[in-house]
Amino acid sequence: MDIELARTFLVVVETRNFVRAASELHVTQSTVSARIRSLEDQLGRPLFIRNKAGVSLTSAGELFKRHAATLVHVWQHAKSEVEIPEGYADVVSIGARFALWDPFLLRWLAWMKKEHPMIAIQAELGMSDTITKRLAEGTLDLGVTYSALSMPALKAEPLFLERLMLVTTDPKDHSVLPANYVHIDWGADFQREFRLSFPGQLGHGMKINLGVLGLTYIKDNGGAGYFPERLVRAELESGALIRIHEAPVITFPVFMIFPSEHANPSIVSALDGLRLVTRSAISEEYQLSSSD
């Protein structure tokens, strides 16, 4: 079976629409339809129920979903092994949001280089939904994100709790949610906790989906926003930012996502390293917080 058929199937499952799937895959809708039709012919069963709202899986489609993800992962891993850089025994690819690289994943990179020098690393930045999709497609081995989306053949393990506090550049503004508040998209869990904490807040004058960009904007132009304590510690100590103590602290888990059947020893080593390095970094953060 052409692996592209399985990949197309997974994108249609995610988007539930042939048009959106075609856009994601950068092909025409007729190409997507032809691929799914070819797949259904090979399996001898219809995989989707078509209707005006889009598509939904048949019972056969539900059964094939996990196998399709496994097929893509196996193919991608085989392809990666063939493309291993000269002088290395294996390669592991990882994607994570920008705010999670410092200090956690930067330390993990150093740990991998020291403890497993024969494993090549491919590191990428991305938003949570993009990383999860890449994992489902088999083009990433590991992901560290703020969301644990349910995807076939993937497992999400809580790595640590992110702690966000509301900070401002204006020491005279004691509003629980200042008028110049900038809403940073920290993922679905943050959005849910924010709505529970501020049920009357229906919209935002400014929304930014990258935390570091939001922090730079606020420091340059003034304003307020929710940020991980570890990212604004220096600004809080210098007085460039002031914590709004009346506002609730929002906590939610950070997840590492990986294939549910990760027999590859290199991935096992990478996961062990992530757990170890994160525990050490969190312990240091706790000691710093306790000394304040």
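Structure notes:
- In the range 23-47, the residues that are in a helix (DSSP H, G or I), modelled with pLDDT of 90 or more and not polar (S, T, N, Q): Val32, Ala34, Arg35, Ile36, Arg37, Leu39, Glu40, Asp41, Leu43
- Index of the failed condition, Leu159 passing every other in (1) crowded, with 19+ Cβ neighbours inside 10 Å; (2) among the hydrophobic types (A, V, I, L, M, F, W, C); (3) over 30 Å from Arg243 (Cα atoms): (3)
- If you go through the range 1-50 and keep only what is at positive phi and of a type in the set (Lys, Arg), you end up with just Arg16.
- Hits in the range 68-107 - residues which are in contact with a helix residue (DSSP H, G or I) (Cβ under 8 Å, 6 or more places away or on another chain) and polar (S, T, N, Q): Gln76, Ser93
- Look at (1) in the same structural domain as Glu124 (by TED's automatic domain parsing); (2) under 25 Å from Asp102 (Cβ atoms); (3) modelled with pLDDT under 90 and you find that Leu154 fails only one, number (2).
- Residue ID - surrounded by the most Cβ atoms within 10 Å (Cβ to Cβ), chosen from residues in the range 195-223 that are free of Cβ contacts under 8 Å to residues at least 24 places away in the same chain and charged (D, E, K, R): Arg195
The values are calculated or read from the model by the stated rules, or taken from the named source; none is laboratory data. This one's a predicted model, so the numbers in the text were calculated from it and none came from an experiment. Neighbour counts are summed over all protein chains in view; Cβ atoms, including those assigned to glycine, are modelled from backbone coordinates with ideal geometry.
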